[in-house]
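In what follows, a structure is listed as structure tokens, so that the remarks can point back to it.
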Amino acid sequence: MMSNTWIRLTGAGRRSAIIGAVLAGVAAFLAVGAAEAANKTLTVGIEQEPTGFDAVKGRVLGEAPASVMLTMVDRLMAYDADGKLKGELAESMTASEDGLTYIFKLRKGVKFHDGSDFTADDVVTHYNRVLDPASKYVGLMFISPIKGAEKVDDHTVRINLKHPWQPMRDGLSAFALCCFIPSAKAVAADTMNRQPVGTGPYRFKEWRGGDKIVVERNPNYWNKDAKVHFDEIVFKVLPDQQTRQAALQSGEIDVHWTDRGHSIVQAKSDPKLTVYSRNGEGGGILFLNNSKPPLDDVRVRRALSMAWDQKYYVESQLQNTQLVTKTGFDDEGKCDSGYLGDAKFAEAKKLVAEIGKPIEVELMHTATQRGREYGLLWQQLAKRAGITMKLKPMDQVAFIGNVFKNDYQMAGWRIADAGDIGPQLFALLQSKSPYNLAHYADPEMDKLLVTMRTAPTPEKRKTAMCSVVRKMNQDAPILWASGRTHNAIAKKGLKGLRPLYQGVVDVRFAWFD
């Protein structure tokens, strides 16, 4: 039998066999080494550099900075890869029957990167700090239904609400600075903003302003069931989309988030790349400043709303890589949205004729190619409705400044995908809100917003939210430019990316195949 047969090799044949075996062994060794080296470092291209990681001093956490934060600092609760809400730093969350109290049982044996123990004191100190008006946390308006946090014991926290508040059912799992639990010690030492200390799978290593942020594997990560593959993750700051895409194609980076239709469509046909997509809530919006004539006339605002062609915009400029929306949330078509568009030019012209005088408005847009294309489309659509539109290109910083200074007529903005957009609708539409950037005031809307905010059940909240959006669409202080689909482009071999919840590229447990 073959297993008992010896083949005798002599001379050149024997030498060839030995050399072949050695080369095969070397090749196998190099292949394993290459695979191990590939999993040493992951490089992520990010559009925006964080302003900081301290909840008060960092102010705002966009999608890209949240990707960085997520590797280092944990939340109480989080959605897993299957879309189920589960405990992160909390083992469990229990709500009282009246919806006014939430009890969080915290994990034991969790340590911060500096070696200190994670306890209820860290949670209570953090939440009471951001809830204190004296701290001037910029997101306070969005979490103001929370009355405060108190320590029950070292591993139990009670959070009290002023009234039932349905977003609390998500367990404070949003990718907002207020939801990440920092080391109270680091906050007290005033180092959290630039040298964050958390409990996450990676710990802070280096931050070179304008260049990169580097995190390294946390050898004492509490979740032993989660496989952490990379020794380091490098977050490379590349604000320009084309530069990020070129860096991905050249191998300089491994993955990046994008909302550019051309790049997404191109990547889908590239066999070396993978596109990850997820539909979310919120979307692009347009403020119509109610304090600036002629936009103080609801007929002008409605005419502009009727003239806008969201479907055409999504198809032509966004190349169908974003959704079309009438409400900004997944209502399954059940909301009576009151949406006035799209491209109803005859109806828009009737309103313009009713006003009886020439109408001229000014649209402020970013001085980018995308901003210019958006402005030109609006100009053409407004003209078909009988409205003259001037365009005012601005750089990004000046653009934002003008909106907050109330120095504009029309300006693009967005409602972020926060899982529940109700708090943002409240902030943008409530008459006395500091974030009412369209300067819209209506007593009926204020009542609807309170009903939405204090709804005792998810079903009643959804009904109230439909009423809010319907009135917003009818009064047109804010128009929907598009819905929200999040996209990330990665090298083909990158595996283990979590779903793009709220647009955040979650690479904590990714690896190279």
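The values are calculated or read from the model by the stated rules, or taken from the named source; none is laboratory data. The shown structure was predicted, so the numbers you read here are calculated from the model rather than taken from an experiment. Methodologically, a virtual Cβ is constructed for each residue, glycine included, from the backbone with ideal geometry; neighbour enumeration extends over all protein chains shown. For accessibility, only protein heavy atoms count, side chains too; no ligands or nucleic acids. Shrake-Rupley method; radii C 1.70, N 1.55, O 1.52, S 1.80 Å.
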Taking the dipole of the stretch 283-358 about the Cα centre (Lys, Arg +1; Asp, Glu -1; charges at Cβ), the one of ASN289, PRO358, SER305 that reaches farthest to the positive side is PRO358
Taking the Cα centre of the stretch 158-235 as origin, sum charge times position over the Cβ atoms of Lys and Arg (+1) and Asp and Glu (-1), and report the length of that vector in debye to the nearest 20. 260 debye
How much accessible area per residue does the stretch 78-230 have, counting only protein heavy atoms and a probe of 1.4 Å, in square angstrom? 45 Å²
Just add up the charged neighbours of GLY200: K/R +1, D/E -1, any other residue whose Cβ is under 12 Å from the Cβ of GLY200. +1
Which distance in Å, rounded to a whole number, links the C-alpha centroids of the stretch 46-91 and the stretch 178-240? 10 Å
Electrostatic dipole magnitude of the chain [Cβ: Lys, Arg +1; Asp, Glu -1; Cα centre; debye, to 20]: 780 debye
For the stretch 193-300, one quarter of the surface area of the C-alpha convex hull, expressed in nm², comes to 12.2 nm²
With the cut-off at 25 Å, tell me which of the pairs LYS40/LYS108; LYS268/LYS311; LYS86/LYS111; LYS147/LYS432; LYS311/LYS334 have Cα atoms farther apart than that. LYS40/LYS108
Going highest first, how would you order 484-492, 81-89 by mean Cβ packing within 10 Å? 484-492, 81-89
Positive dipole terminus of the stretch 219-316, leading residue within SER250, TYR221, ILE264 (C-beta point charges): ILE264
Let me know the charge dipole size of the stretch 327-463 about its Cα centre in debye, to the nearest 20, where only the beta-carbon of Lys, Arg (+1) and Asp, Glu (-1) is charged. 340 debye
MET168 neighbourhood, Cβ < 12 Å, K/R = +1, D/E = -1, net charge +3
First compute the accessible area of the chain with a 1.4 Å probe, then give the percent of it belonging to carbon and sulfur atoms. 52 percent
Starting from the Cα coordinates of the chain, work out the convex hull volume and express it per residue in Å³. 201 Å³
Which GluC sites (Glu not before Pro) from the stretch 322-383 combine a DSSP loop assignment with at most 12 other Cβ atoms within 10 Å? GLU332
Normalised radius of gyration for the stretch 389-513, please: alpha carbon Rg relative to 2.2 N^0.38 Å, two decimal places. 1.35
Straight-line reach check, LYS57, cutoff 19 Å on alpha carbons, 8 or more apart in-chain or any other chain, hits among lysines -> LYS136, LYS185
Pop out the ³J(HN,Hα) list for the stretch 178-183 in order, Karplus 6.51 cos²θ - 1.76 cosθ + 1.60 with θ = phi - 60°, rounded to Hz; leave Gly and Pro as x. 5, 8, 8, 8, x, 6
Rounded to the nearest 10 degrees, what's the angle between the helix 11-38 long axis and the longest principal axis of the chain, both from Cα atoms, 0 to 90? 30 degrees
Charge tally for neighbours of ARG107 with beta carbon under 15 Å away, counting Lys, Arg as +1 and Asp, Glu as -1, is -3
Calculate, for the stretch 360-513, the solvent-accessible area per residue in square angstrom, rolling a 1.4 angstrom probe over the heavy atoms of the protein chains. 41 Å²
How much of the calculated P(r) for the stretch 84-172 lies past 17 Å, in percent of all Cα pairs? 50 percent
Any idea how far apart GLN195 and VAL60 come out in nm if each label point goes 7 Å out from Cα toward Cβ? 2.9 nm
